[in-house]
1. When the residues of the range 74-108 are filtered to those that are in contact (Cβ under 8 Å) with a residue 24 or more places away in the chain and charged (D, E, K, R), which remaining residue is nearest to PRO149 (Cα to Cα)?
2. Quick check on the range 63-86. Is at least one of its residues modelled with pLDDT under 95, more than 19 Å from SER116 (Cα to Cα) and either basic (Lys, Arg) or not in a helix (DSSP H, G or I) (or both)?
3. What's the total number of residues in the range 173-200 that are of a type outside the set (A, V, I, L, M, F, W, C) and more than 24 Å from ALA94 (Cβ to Cβ)?
4. Looking at (1) in contact with a Phe, Trp or Tyr (Cβ under 8 Å, 6 or more places away or on another chain); (2) charged (D, E, K, R); (3) buried (at least 16 other Cβ atoms within 10 Å of the Cβ), find the lone condition where LYS66 falls short.
5. Filter the range 172-186 for residues that are surrounded by fewer than 18 Cβ atoms within 10 Å (Cβ to Cβ) and at pLDDT 95 or above and give the result.
6. Is it the case, given these coordinates, that GLN143 is closer than 26 Å to GLY40 by Cβ and either among the polar types (S, T, N, Q) or exposed (fewer than 15 other Cβ atoms within 10 Å of the Cβ) (or both)?
Amino acid sequence: MSECSLTYHHRVTPRAPALAPDDRRAAIVAATLPLVLAEGRAVTTRQIAEAAGVAEGTIFRVFATKDDVIDAVFEAALDMEPFIAALEALPSPASLDEAVHWLAQAQLERFAQVFSLMTVLGIHGPPKHQPRPEWIARLAAAQMEVLAPFAEELTLPPREVVRYIRLLAFAGGNSHITDGELLTAAGITTLVLDGSRKKG
């Protein structure tokens, strides 16, 4: 047997390292999200396996069916915990404009992703999974914390400004409401501050 006969000329896809079942589920869900956004329910387990760097059989060690993977992707998109944690970890903004822009951008991205998933998955009406009360309270507190240093520059309480940002981001992140042209964080910032910033 020659040395050449032991050489493989085809490319072997590297496999992901061994993980605990919950960590493996989370990794597969994260890898599947962009695929679902692009392919909807037509995404294949082969595509999922390649994106996650695992064998197809590994998927079915932690999920019963492909639909279970897709359902887990949607549930993860609705999970507010990572979103709130990211807001709580934001550095202090340098200005009121920057603070409002950050809040608008974060919420636009979140709402746009959820609405896009609902569209490609054919989900109509409100999701079955509603936000937990503690999430709502933490989200409001985290957003008001971002605006608090600039309260004296506002004609409205930070809580009201946060509410306007959320409502505009909710509507502006839904292509069905905006006729396919989503609002931008810059646009929301201008609209909110033109109506709530003290003049002079």
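The values are calculated or read from the model by the stated rules, or taken from the named source; none is laboratory data. Every value quoted in this text rests on a predicted model; they were computed, and no experiment measured them. Positions of Cβ are backbone-derived with ideal geometry, glycine not excepted, and every protein chain shown enters the neighbour counts.
1. As a first pass, look at the range 74-108 and keep what is in contact (Cβ under 8 Å) with a residue 24 or more places away in the chain: 74-78, 80-81, 83-84, 87-88, 90, 92-93, 95-97, 99-105, 107-108.
Now restrict to residues that are charged (D, E, K, R): 75, 81, 88, 97.
Working: GLU75: 34, GLU81: 24, GLU88: 15, ASP97: 12 Å.
Once the filter is applied, the top-ranked residue is ASP97.
2. No: zero hits.
3. Filtering the range 173-200 for residues of a type outside the set (A, V, I, L, M, F, W, C) gives 173-176, 178-181, 184, 187, 189-190, 194-200.
When the remaining residues are screened for being more than 24 Å from ALA94 (Cβ to Cβ), the result is 173-176, 178-181.
Final tally of qualifying residues: 8.
4. (1)
5. Scanning the range 172-186 gives THR184, ALA186.
6. Values: closer than 26 Å to GLY40 by Cβ: no; either among the polar types (S, T, N, Q) or exposed (fewer than 15 other Cβ atoms within 10 Å of the Cβ) (or both): yes.
No.
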